[in-house]
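Undergrad: Before I ask anything, here is the structure I am working with.
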Amino acid sequence: MKSLAKNGHKNSRVPDQENSDRLHNEHTVNLSHKRSGMQNFFSEKRLHNAPEQTHLVNFYNHRFMEQPKKNVMGTMYVHVKRQKSIYKRLDEILERFSQGYCGILAHVNYDIAFVSTDLFAIDVDDDHKKTTPHKVFEQTGACGLFYTFSHGLKGNRYRLLFKLDEPVTNKKEMREIIKLVADTLRAEGIPTDSITNVNTIIRGGKSGRYHIDEHKALSTANLRAEAIKRNEVRQKALYQEAENKDYRPLDFKELKELAEAIGHIPTHTGQREKWTDCVMAIKHQENLGLIEYEEGYELFDIISGGETREKEYKNWSTNGLVGVGTLIHYARENGYKGSVGKNYYPEHITTTKKLYDVKNIRVSRYIPTETMTDFLQGENRLLLDSPTGSGKTEATVKAFEMLSDQNPNHFYVFAVPTTTLTQQIALKYGIQGLFGTIDKLGKKIYYYAEKEAKKIFVCTYDKAPKLIEMLQRLKPWRYTLVVDEYHKIVTDLNYRYQAIKELYDITKGAKTFLALSGTTDDIDKNQFDEVIKIKNGHEAAPITDFVNYTYENKNDGLTELAVLLQERSKQTKVIVYIEAKEKIEILYHTLRKKGINVQKITSDIKKQRGYKEIVENEKIADDIQVILATSVIADGINILNTPRLEVIVVCNEFSNFFTPSIIKQISHRPRNHYDRFSIYMQEQKQEDTCKPYNIEKDYYWKTNNAKRLAEELNKDPYFDPLLFHRSIIENRYGLDIDKDTKEVIYDVMKLRTRSAIDQKNYYRGNRESFVKVVEKILRAKETRHLNISESIRNNTLGTDLVLEAERSIQDEFERLERKYPPIGKVFTTKAYEAFLNEDENELKQLEKRMEPRHYRHLRQTTKIASYETCKLLVKQVKRDADAHRYINDLQAMNDIIYLESVHRNTPTKKVLKAILNIPDWQDWQTTNEYKKSLEKLAKKVNLTKKDIKAVERMLQIENRRIGEKRTPVKRIVGTITIDLLAKRYGISPATIEQNLYVAASLNINSTFKKVVKTKLKRLQPIKQDTFF
């Protein structure tokens, strides 16, 4: 074979390549003494017409004199995707590359969709000059070589071109061939970096020098055969790996048996989601290499019943989150009783790669101090997953005391989620507790650390950063940080974001950081070096029975709960957890009227006897029959109980305790064995999936989506970090600008919290699934399911009790209404001034005299509106959901103004454009039609239906009823406008504009602030027909 070296351009600056090669001959990789592995793939065909042979390629028409940057590559893709591929000879292709042009070595359609190719490139990045480029070219079967922009600057940098004797039309097959060639070269000592994305733009070089041999070609048949062989080896390894676990992959025959059990899923029958799940599961098996394309299509055809063309299956992509477990589930749901999948446990499959080590430690009952001391002596980040009641707190404090004696110049900080827990630990162990207002905090820290030389502190999450800052200012010692109830980092992030973010930041500066939790499912474990699992044989809740109380009608929930508590209080002490202070207040007075000794424990009632008894003495007073509590005593508080105790958790529309981690915490608060743990919730009416929520899968999907959105923005050639604004979609995926790199990043903490919220909402709608999860948490089966409504109908509980409870509760509602004077009388100009000036003393009084929803509303609106406007708006707040409605509408309106003014693409703008460009959405649609439109759009923009729903607040939606059956229909008119908001709230457009202006002024994004304020100053209304 003949090798020709050519100069691509007379005036190109050509380095003395031959001299450079000779200088490094003694260090180079020598292939001449042995048969190269690449020779196995040389084509036996003689390409006599090779110099005239042409290849379909797509070049960008601009020549570069230096390597194009990332943002320029984005511009290139924009132009190249509009061009057609053209035929060029090999020497023309190499000449273009060597002169600084960039292009795609494939036949691609518009939008750069791959069609076929018979050329591919492989990079050689030889930083240490161990190879001689022209010798590598001669001996590897490459048909061409050109030098990249960085050649000579970073060693030998060049790109090998390979020709196939037959074109390849399958993108996946082509990728496998490129990987095979790159791996073969790498095995022979050539530092290759394969370009497996066959429709990517390849950068050129600037030397003007290249090597060419048009007659060289590789055998497509030989490469394809070897690639198939490698795939079989990989598939065998997958099976071998799986057999070492509790499941194994399924072969085609088994998958077909499942598909036939599922059967044809017809279109237009409301089963689109089921069909989509099955297709994604099948496609995932193909992507893993467990089945061939033809086999995958056969399975697809079975569930599609021949209704869907092969093209749709061919173009289907999957993210790997739906696996074979889905097919097994749907087959069993259809009555399948066969053996396929019998030993398959999908919960053992993780969707995120573990970056941490796991250590299992068995203890007798409590964690020994010596063991905890060992954990706290290294320089690492640890997560201690230990059963509730295993003595984590005591072991931590004693380990701190032991280590502080050994290390005099070191601080030890124990951060806990609540003031209640801080008080209990400080009192019980005699260490310094810190809580209270910030102004007193500084004095306390100085006094304890400087005057009393204390080195061990317990404090709340929000005080920990300030404590560390002041301690290091006094004495620049290192510190050890232990954070208790670490799952609260996830569950509380939404309403304590700043405190938790600052707490997370100080974990990075600790010599040793140890997170404690008895419920680690919600926690992202990849932020730790090691997860330590404590086993003590007491993982189950200390209960005798698990009972599920239910009621049927939503409006009867509180009444029937009162009846239940009257009956249960006659037999045992009862602790009831309700996440609603107003409902606690009503129940409290209702039960007291019946002569029941009841105690309420909430965050704002800390001076009462019941609260102090639990915090200081860890027990319930003997005369108390019922305790009504919020989650204030759900985390970390110990209760030294007697066996005659029942714990009831209310899980319904007014008490959203559908979080598994909170259920586990509550069930373990009593430290001694007790009679009964119960949940109280409404009967399930709609069909339940009866499947546990996979929070890891959801988090993995959200993280991947956030990563994709961030990458799309960073690759956008027109992206400007100064113009970036966090609107609805950006906030949902935690997108923000990195202060150092000025690139878009995503906040994994926010994503983890969103997954936890979605898990809670899932169980709220799938309560039978929730019961199954509670059984798993308690490690106890449901021993009894008692329908309270049915018991009342059967006179088991007595009608008189119900009637009395109804009257009493109605009286309490009326009493509460009388408790709060009319808001017009409470909200005076003096009250307005108190909100404006943040007068804490006055605000405390106002909070007691106002309904909570009114107080929350005014905390926000007084910052942007006049007294008269605030008074008008607060009277419109009738429900809790109305409290933030006006502020949210202003934010949405300002976002629209900004997005319309700044011509940059963002995820939120992309969704809005997609919505407004769909003609069907401007027609009247039924609820089901609208739902399908949401699903279709979500798929188009590669987001979720919930994401699309979130953008609805930026839209103007009309609702009406039509026909004899008064069928509800809706349509999207456009985006919201200033006039629409003025009409909605009964205030003038000029007032809306003024409030928008002030709201924009409070935004921390200076660019957003300037753009929106400038637009509002011009008072130019946004026209619906020209938006976007």
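The values are calculated or read from the model by the stated rules, or taken from the named source; none is laboratory data. Please read all numbers here as calculations on a predicted model, not as lab measurements. Here the Cβ positions follow ideal geometry from the backbone for every residue, glycine too, while neighbour counts run over all protein chains shown.
Undergrad: Return the residues of region 944-961 that are surrounded by fewer than 17 Cβ atoms within 10 Å (Cβ to Cβ) and either in contact (Cβ under 8 Å) with a residue 24 or more places away in the chain or over 21 Å from H884 (Cβ atoms) (or both); say none if nothing qualifies. Talk me through it step by step, then tell me what you get.
TA: First, pick out the residues of region 944-961 that are surrounded by fewer than 17 Cβ atoms within 10 Å (Cβ to Cβ): 945-946, 949, 952-953, 956-961.
Scanning region 944-961 gives K945, K946, R953, Q956, E958, N959, R960, R961.
Undergrad: Would you mind stating whether K135 is farther than 17 Å from N222 by Cβ, assigned to a helix (DSSP H, G or I) and either of a type outside the set (A, V, I, L, M) or over 39 Å from the mean Cα position of the chain (by Cα) (or both)? Quick ask: steps written out before the conclusion?
TA: Numbers: farther than 17 Å from N222 by Cβ: yes; assigned to a helix (DSSP H, G or I): yes; either of a type outside the set (A, V, I, L, M) or over 39 Å from the mean Cα position of the chain (by Cα) (or both): yes.
The answer is yes for K135.
Undergrad: Does V911 meet the test of being modelled with pLDDT of 90 or more, under 30 Å from F654 (Cβ atoms) and among the β-branched types (V, I, T)? Can you show your working first?
TA: Details: modelled with pLDDT of 90 or more: yes; under 30 Å from F654 (Cβ atoms): no; among the β-branched types (V, I, T): yes.
The answer is no for V911.
Undergrad: Taking interchain pairs and intrachain pairs at least six residues apart, which have beta carbon atoms under 7 angstrom, with the first residue in region 982-1000 and farther than 19 Å from L899 by Cα and not assigned by TED's automatic domain parsing to the domain that holds T862 and the second among the hydroxyl-bearing types (S, T, Y) and crowded, with 19+ Cβ neighbours inside 10 Å?
TA: Y985/Y886; I987/T869; T991/T869
Undergrad: Moving to a separate point now. Condition first: of a type in the set (D, E, K, R) and farther than 11 Å from V877 by Cα. Now tell me which residues in region 833-857 satisfy that. Reasoning before the result, please.
TA: Keep residues of region 833-857 that are of a type in the set (D, E, K, R), which gives 833, 838-840, 842, 844, 847-849, 851, 853, 856.
Scanning region 833-857 gives E833, E838, D839, E840, E842, K844, E847, K848, R849.
Undergrad: Which residues, taken from region 737-767, are crowded, with 17+ Cβ neighbours inside 10 Å and small (G, A, S)?
TA: S755, A756
Undergrad: Can I ask one more? Identify all residues within region 488-520 that are buried (at least 18 other Cβ atoms within 10 Å of the Cβ) and more than 26 Å from K664 (Cα to Cα); write none if there are none.
TA: I506, A510, T512
Undergrad: Related question: So N794 passes all but one of these: (1) exposed (fewer than 14 other Cβ atoms within 10 Å of the Cβ); (2) modelled with pLDDT under 80. Which condition number does it fail?
TA: The single condition N794 does not satisfy is (2).
Undergrad: Return the pair list, or none, for Cβ contacts closer than 7 Å from residues in region 448-464 that are within 16 Å of E401 (Cβ to Cβ) and outside the structural domain of I637 (by TED's automatic domain parsing) to residues that are part of a helix (DSSP H, G or I) and among the charged types (D, E, K, R), at least 6 apart or on different chains.
TA: Listed pairs, sorted by first residue: I456/E401.
Undergrad: Among the residues of region 571-586, how many are more than 13 Å from V598 (Cβ to Cβ) and not in a helix (DSSP H, G or I)? Give the derivation first.
TA: Filtering region 571-586 down to residues more than 13 Å from V598 (Cβ to Cβ) leaves 571-572, 577, 579-583.
Adding the requirement that they be not in a helix (DSSP H, G or I) leaves 571-572, 577, 579-580.
Within region 571-586, residues that are more than 13 Å from V598 (Cβ to Cβ) and not in a helix (DSSP H, G or I) number 5.
Undergrad: Which of the residues that make up region 978-1009 are surrounded by 14 or more Cβ atoms within 10 Å (Cβ to Cβ), within 32 Å of the chain's Cα centre (by Cα) and of a type outside the set (A, V, I, L, M)?
TA: So the first thing to find is which residues in region 978-1009 are surrounded by 14 or more Cβ atoms within 10 Å (Cβ to Cβ), and the list is 978, 980-982, 984-985, 987, 989, 991-1000, 1003, 1005, 1007-1009.
In the following step, the residues that additionally are within 32 Å of the chain's Cα centre (by Cα) were identified as 996, 999-1000, 1003, 1005, 1007-1009.
N1003, N1005, T1007, F1008, K1009, listed by residue number.
Undergrad: Then there's this: Determine which member of the set T519, T480 is in contact with a Lys or Arg (Cβ under 7 Å, 6 or more places away or on another chain), more than 30 Å from D698 (Cβ to Cβ) and either among the polar types (S, T, N, Q) or modelled with pLDDT under 90 (or both). Give the derivation first.
TA: Numbers: T519 fails: more than 30 Å from D698 (Cβ to Cβ).
Only one candidate passes the filter, namely T480.
Undergrad: Looking at N656 and the list (1) more than 28 Å from the chain's Cα centre (by Cα); (2) surrounded by fewer than 23 Cβ atoms within 10 Å (Cβ to Cβ); (3) of a type outside the set (D, E, K, R), which single condition is not satisfied?
TA: Here N656 meets the rest and fails (1).
Undergrad: Provide a single number: the residues in region 856-878 that are under 14 Å from T829 (Cα atoms), buried (at least 20 other Cβ atoms within 10 Å of the Cβ) and not β-branched (V, I, T).
TA: Matching residues across region 856-878 total 3.
Undergrad: Shifting gears a bit: Quick check on A562: is it surrounded by fewer than 19 Cβ atoms within 10 Å (Cβ to Cβ) and either touching a strand residue (DSSP E or B) at 6+ places or on another chain (Cβ under 6 Å) or aliphatic (A, V, I, L, M) (or both)?
TA: Working: surrounded by fewer than 19 Cβ atoms within 10 Å (Cβ to Cβ): no; either touching a strand residue (DSSP E or B) at 6+ places or on another chain (Cβ under 6 Å) or aliphatic (A, V, I, L, M) (or both): yes.
So A562 fails the test.
Undergrad: Still on this model: Go through E935, E847, E851 for me and flag whichever is surrounded by fewer than 19 Cβ atoms within 10 Å (Cβ to Cβ), over 26 Å from the mean Cα position of the chain (by Cα) and among the charged types (D, E, K, R).
TA: Details: E935 fails: over 26 Å from the mean Cα position of the chain (by Cα); E851 fails: surrounded by fewer than 19 Cβ atoms within 10 Å (Cβ to Cβ).
Among E935, E847, E851, only E847 is surrounded by fewer than 19 Cβ atoms within 10 Å (Cβ to Cβ), over 26 Å from the mean Cα position of the chain (by Cα) and among the charged types (D, E, K, R).
Undergrad: To continue, here is another question. Report yes if some residue within region 767-781 is of a type in the set (F, W, Y), outside any loop (DSSP other than H, G, I, E, B) and farther than 15 Å from L561 by Cα; otherwise report no. Walk me through it before giving the result.
TA: As a first pass, look at region 767-781 and keep what is of a type in the set (F, W, Y): 770.
Cutting the leftovers down to outside any loop (DSSP other than H, G, I, E, B) gives us 770.
Still in the list and also farther than 15 Å from L561 by Cα: 770.
Yes, because at least one residue in region 767-781 is of a type in the set (F, W, Y), outside any loop (DSSP other than H, G, I, E, B) and farther than 15 Å from L561 by Cα.
This table checks each residue for (1) touching a Cys at 6+ places or on another chain (Cβ under 8 Å); (2) surrounded by 21 or more Cβ atoms within 10 Å (Cβ to Cβ); (3) among the polar types (S, T, N, Q).
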residue: Q406; (1), (2), (3): no, no, yes
residue: V416; (1), (2), (3): yes, yes, no
residue: L421; (1), (2), (3): no, yes, no
residue: Q432; (1), (2), (3): no, no, yes
residue: K444; (1), (2), (3): no, no, no
residue: Y447; (1), (2), (3): no, no, no
residue: K454; (1), (2), (3): no, no, no
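Undergrad: Please give the number of the condition T200 fails out of (1) out of contact with any helix residue (DSSP H, G or I) (no Cβ under 8 Å at 6 or more places or on another chain); (2) crowded, with 18+ Cβ neighbours inside 10 Å; (3) not in a helix (DSSP H, G or I).
TA: Among (1) out of contact with any helix residue (DSSP H, G or I) (no Cβ under 8 Å at 6 or more places or on another chain); (2) crowded, with 18+ Cβ neighbours inside 10 Å; (3) not in a helix (DSSP H, G or I), T200 violates only (2).
Undergrad: If I go through region 102-122 residue by residue, how many of them are crowded, with 19+ Cβ neighbours inside 10 Å and among the charged types (D, E, K, R)?
TA: The number of residues fulfilling the criteria is 1.
Undergrad: So K913 fits all but one of (1) surrounded by 17 or more Cβ atoms within 10 Å (Cβ to Cβ); (2) within 30 Å of the chain's Cα centre (by Cα); what number is the exception?
TA: (1)
Here's the yes/no breakdown for (1) of a type in the set (D, E); (2) in contact with a Pro (Cβ under 9 Å, 6 or more places away or on another chain):
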site: I639; (1), (2): no, yes
site: P643; (1), (2): no, no
site: F654; (1), (2): no, no
site: Q665; (1), (2): no, no
site: D675; (1), (2): yes, yes
site: M681; (1), (2): no, no
site: E687; (1), (2): yes, no
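To keep it simple, each residue is scored yes or no on (1) within 17 Å of Y693 (Cβ to Cβ); (2) modelled with pLDDT under 90; (3) not polar (S, T, N, Q).
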{"residue": "F770", "(1), (2), (3)": "yes, no, yes"}
{"residue": "V774", "(1), (2), (3)": "yes, no, yes"}
{"residue": "R784", "(1), (2), (3)": "no, no, yes"}
{"residue": "E804", "(1), (2), (3)": "no, yes, yes"}
{"residue": "Q810", "(1), (2), (3)": "no, yes, no"}
